[in-house]
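Before any comments, here is the structure.
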Amino acid sequence: MPDTAWHIIEVVVMLLLPLLMAGGLTVVERRLLGQLQDRYGPNRVGVMGEMQVLADAVKLLGKEDWIPPFADRPVFVAAPAIILMSVLASFAVIPLTSGFAVADLNVGLLFFLAMSSLGVYSVALAGWSSRSKYPLLGGLRAAAQLLGYEVFMGMSLLGVVMMAGSFDLSTIVEGQRGLWYVGPQFVGFVVFFIAGLAETRRTPFDLPEAESELVAGYHAEYSAMKFGIFYVGEYLGITLVSALMTVLFFGGWLGPILPGWTWFLLKTSILILVVIVVRAALPRVRYDQLMSFGWKVMLPLTLINLLVTAAVILAT
Amino acid sequence: MGLTLSAAAGGATHAAGAGAAGTGAVTGILTELEQQFPGVDFVRQETKDGIPTAWIGREALVPVLRHLERGVDGPFRTLYDLAGMDERVRANRDGLPAADFSVVYHLRSYDRNADVRLKVPLAGDRVSVPTVTGLWPSADWYERELWDMFGIGVDGHPDLRRILMPPWWEGHPLRKDHPDRATEMGTFQLPPDDDLLYQEALEADPAQDARTVVLNVGPQHPGTHGPVRIILTLRDELIVDAVPDIGFHHRGAEKIGERQTWHTYIPYTDRVDYLGGVLNNLPYVLSVERLAGTEVPPRAQVIRVMLAELFRISSHLVFYGTFAQDLGAMTPVFYTFEDRERLMAIIEAITGGRMHPSWFRIGGVSQDLPAGWEQMVRDFLDYLPPRLREYDRLVMQSRVVKARTVGIGEIDKDTAIDRGITGPNLRACGFEWDLRKKRPYSGYDRFEFDIPTAARGDCYGRVAVRVEEIRQSLRIIRQCVDQMPSGPHKSEQPLAAPPSHDRMLHDIETLIDHFLGVSWGPVVPPGEAICPTESSKGDYGYYLVSDGNVTSYRTRIRTPSFPHLQALPLLCRGLEVPDLIAILGSIDFVMGDVDR
């Protein structure tokens, strides 16, 4: 009985925590970008603007939820739901602290990769079902980009898997007691970070929405809360990728004095801030540049990293 | 070429400047033409700007133009302007051929640094001219505008339809019998069928095959910087063809010029290139001053230069930031707007206005500089250079920016000259040409500055030239501050408007004089003049025709963005949609400047 109760607590925490973080992130991102850009950002609702999330949510809920008459209705409605579900499901395997994970799968990492592949459907289908040219272009770009970057996203993690000897995220964290994997697997980390930006469609890889070219890309036809869900999905994605980087490369919950979960949250937050700063600093690349960068630079780099790691492990 | 130039400069008085340079060099060209075409009757016309002007019959037009374009030494490779004029109610046309309408071809030779103007009189039933698109591709839009505005037909034009007005418009607005106020046109009603008409007008029907997609960009699109519509034909994401559709920003600025007095038209000029502020006032007042023969006091000239350069910086800062934004960089636009805000504080302190101060006057400027202006300007001069260095690191040295812009949207120097491209876009092709140096106006010859150029004529070059121009403008402004002469800020000449305050209300004569000067404005003697200037976007001039009245008889605005946007298809064919946005950003057009 206490076991079941504990499980329920785990589920509730791992469901609410990412959602809260994603919500808070909308404000943090806008405030931080504001500071970086010589302006305030939203600072009117609440003491420092932190209640802006609520204001936005109320506003989005109050808007007309319009579905274009030319759209493919069922797919159009399903698309935003897919992104939310696939990202939230991924959080099930993230260990918040020792022994605290909804599903302590021994193939946790594979589960994450599988779920993140599902996310592609959301964006591609949103663009496709809108039956409108700008979203279609956005959806096509998204499909090519996400599928292309998935390949070496998975490969970049295999170095870590080899070193830990497991796909289980908790085991991977435990394996970093002596040294965080970001040291020996630095190439893997950089590649995963870049792939993570691409997977979450963040600058400089925000081609699927590219507001100056495709207006809003795949979600141009969406309005009200469906539009909001894409945004929540994006922020959830950032949180997920940051959490995963914490687990895989920065020793997860490991750290002195403070309880494990504070270390985990602290590391994740810092990585999230890095992602935001990248957005403030970089322009957007072009579609063909993105693809050739992925296949011609990142993929070989990952393979070399893999070979070197394997050689080192065999030698020792 | 060097000979003609120096001879011209020797004969030039200071006030006439560039115009006189034209006289010396090109009275020759008319004589040359008369010798070359003995059968053609060249009726010479005196103009106040000294640009050699002659009327020729419509049959002789194309051979003469072709000879000018490729036959003469120092050929006239640029069709600087092509415009019509309604001659039917013009009173002062002694010695000119009878005409109901006329068409003006204003050509420029960069080799000679000279212009020539040919006019064709049109009368009777056959109001049409032969097309010159075969000589200058840029004539395409100008001839469409000619048809649109005057109903003058263009024989042989490949695609003669309206350009600025919507296709369902009735009448030709710049004809003198077309009303210039909405109140003269009766109540506007929208019959039920008309919305269909408007819809049809927007339909695009490009040649399509199974693999191409037509993508409509604009008129409302975040990447176009204003209401312009570009109909793209795409194969995958590659641009097969691009057809710009303009006119959404047309406000009839030329028609308004025939209604407002010489003085009250100044605020309308501000809104043509709405990022340029007083850079718009300058070519207008310079042209009026040529017509009126007004001498501008030295202090006013330097104040004008300083304000013009401040606005050049302002315009380039907006360009810089928004260009980076077009590439998807979010941050630079906030930085450059912050800088522009500081600059606007100076503009505000000096003129009381911000984007559209309308501050220049015929014969000078509106007011003297306020107390404390010097410190404000000096602070800004010290403030901006470190910021520019920061943007260099953020934008110009960014590898992503280089990957997106180097080699994108290339145009070579010869094509650019053929297409009527001017200003920074021409200098980006490696051609060192700046009106401020080559035909100094408003005392620019007293300042030291360089003409920045780039090599390849690509997007990166166009940005690099403008960034360097900001630095050169800072140099000029520093010289203005250091050497600001004392003296009056406005001419005391009677035609300078509005009349000076210290000479009014002494007795009944000065009262009446002032009253007339303010209510009617000056009566500018008959004549024609243009004074091309180097605005932030390119070569910008007001071709003014006075019929000895309180308003202009014809105001022709030659704007740089019009030919620039026209060259867009050439720049973007074969590239991708994101490149189109980069190119649009890099050519720095303003729709107010295109549509007027």
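The values are calculated or read from the model by the stated rules, or taken from the named source; none is laboratory data. What you are looking at is a predicted structure, and each value in this text was computed from that prediction instead of being measured. Ideal geometry is used to build each Cβ from the backbone, glycine not excepted, and the neighbour counts take in all protein chains shown. Heavy atoms of the whole protein, side chains included, go into the accessibility calculation; ligands, DNA and RNA do not. Shrake-Rupley method; radii C 1.70, N 1.55, O 1.52, S 1.80 Å.
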**OP:** Please work out the Cα center distance from the stretch B:549-596 to the stretch A:241-316, rounded to the nearest Å.
**Re:** 45 Å
Original post:
Nearest 0.05, what FRET efficiency do A:Ala315 and B:Asp159 give at R0 = 51 Å with Cβ-Cβ as r?
Top reply: 0.10
Original post:
By a straight-distance test (C-alpha under 12 Å), which aspartates and glutamates pair with A:Lys226 as possible cross-link partners, with residues fewer than eight away in the same chain excluded?
Top reply: A:Glu64, A:Asp65
Subject >> Charge dipole (chain B, unit charges on Cβ, about Cα centre) - positive-most of B:Ile508, B:His564, B:Pro370 >> reply: B:Pro370
**OP:** Could you sort out which of B:Lys413/B:Lys437; B:Lys402/B:Lys537; B:Lys176/B:Lys490 sit more than 25 Å apart by Cα distance in this structure?
**Re:** B:Lys176/B:Lys490
Original post:
When ranked by the protection proxy of mean other Cβ atoms within 10 Å per residue, highest first, what sequence do the peptides B:414-422, B:126-134 form?
Top reply: B:414-422, B:126-134
Original post:
Charges only on Cβ, +1 for Lys and Arg, -1 for Asp and Glu: so what's the dipole of the stretch A:116-261 about the Cα centre, in debye to the nearest 20?
Top reply: 100 debye
Original post:
Mind checking the mean number of beta-carbon atoms from other chains within 10 Å of the Cβ atoms in A:285-293?
Top reply: 4
Subject >> Mean Kyte hydropathy of 0.0 or more with a Cα span along the axis of at least 30 Å, helices from DSSP in chain A >> reply: A:2-36, A:108-129, A:133-164, A:224-249, A:260-281
**OP:** Taking the Cβ of A:Glu10 as the centre, find all other residues whose Cβ is under 15 Å away and add up their charges (Lys, Arg: +1; Asp, Glu: -1).
**Re:** -2
Subject >> Where the protein assembly as shown is the region considered: accessible area per residue in Å², 1.4 Å probe >> reply: 39 Å²
Subject >> Student exercise, chain B dipole from Lys, Arg, Asp, Glu Cβ charges, in Debye to nearest 20 >> reply: 1120 debye
Original post:
How high is the relative contact order of the stretch A:68-315, given as a whole-number percent (alpha carbon pairs under 8 Å, six or more residues apart)?
Top reply: 25 percent
Original post:
Hey, any idea what % of chain A's accessible area is carbon plus sulfur with a 1.4 Å probe?
Top reply: 75 percent
**OP:** Would you give the gap between the C-alpha center of the stretch B:414-443 and the C-alpha center of the stretch B:96-137, rounded to a whole Å?
**Re:** 23 Å
Subject >> Radius 13 Å from Cβ of A:Ser166, net charge of other residues (Lys, Arg +1; Asp, Glu -1) >> reply: -3
Subject >> Under the Debye formula (equal points on every Cα, no solvent term), log10 I(q)/I(0) of chain B at q = 0.05, 0.08, 0.10 Å⁻¹ >> reply: -0.21, -0.55, -0.88
Subject >> Burial ranking of peptide ranges B:444-456, A:221-233 (average Cβ count within 10 Å, highest at the top) >> reply: A:221-233, B:444-456
**OP:** For the stretch B:388-474, state the average projected area of the convex hull of the C-alpha atoms over all orientations, rounded to one decimal in nm².
**Re:** 6.0 nm²
**OP:** Starting from the coordinates of the alpha-carbon atoms of the protein assembly as shown, obtain the Kirkwood hydrodynamic radius over all distinct pairs and give the value in Å to one decimal.
**Re:** 30.9 Å
**OP:** Nearest 100 Å² is fine: how much accessible area is buried between B and A, summed over both sides, with a 1.4 Å probe?
**Re:** 2400 Å²
Original post:
With charges set only on the Cβ (+1 for Lys and Arg, -1 for Asp and Glu), what does the dipole of the protein assembly as shown come to about its Cα centre, in debye to the nearest 20?
Top reply: 1440 debye
Original post:
What net charge do the residues around B:Met344 carry, taking every other residue with its C-beta under 12 Å from that of B:Met344, with Lys and Arg at +1 and Asp and Glu at -1?
Top reply: -1
Original post:
What are the aspartates and glutamates whose alpha-carbon lies under 12 Å from the alpha-carbon of A:Lys296, with same-chain residues fewer than 8 places away excluded?
Top reply: A:Asp288
**OP:** Take each of the peptides A:268-281, B:474-487, B:224-237, average the number of other beta-carbon atoms within 10 Å over its residues, and list them starting from the highest.
**Re:** B:224-237, A:268-281, B:474-487
**OP:** Count, for each residue of B:403-416, the Cβ atoms from other chains sitting within 10 Å of its Cβ, then give me the mean as a whole number.
**Re:** 1
**OP:** Report the semi-axes of the equivalent ellipsoid for the stretch A:145-277 in whole Å, largest first, where each axis is √(5λ) for an eigenvalue λ of the Cα gyration tensor.
**Re:** 30, 17, 11
Original post:
For the stretch A:68-315, what log10 I(q)/I(0) values come out of the Debye formula at q = 0.11, 0.13, 0.17 1/Å, with one point per alpha carbon and no solvent?
Top reply: -0.58, -0.79, -1.25
Original post:
So what's the gap between the Cα centers of the stretch A:36-106 and the stretch B:257-335, to the nearest angstrom?
Top reply: 46 Å
Original post:
Over all residues in B:327-340, what is the mean tally of Cβ atoms on other chains that come within 10 Å of each residue's Cβ?
Top reply: 5
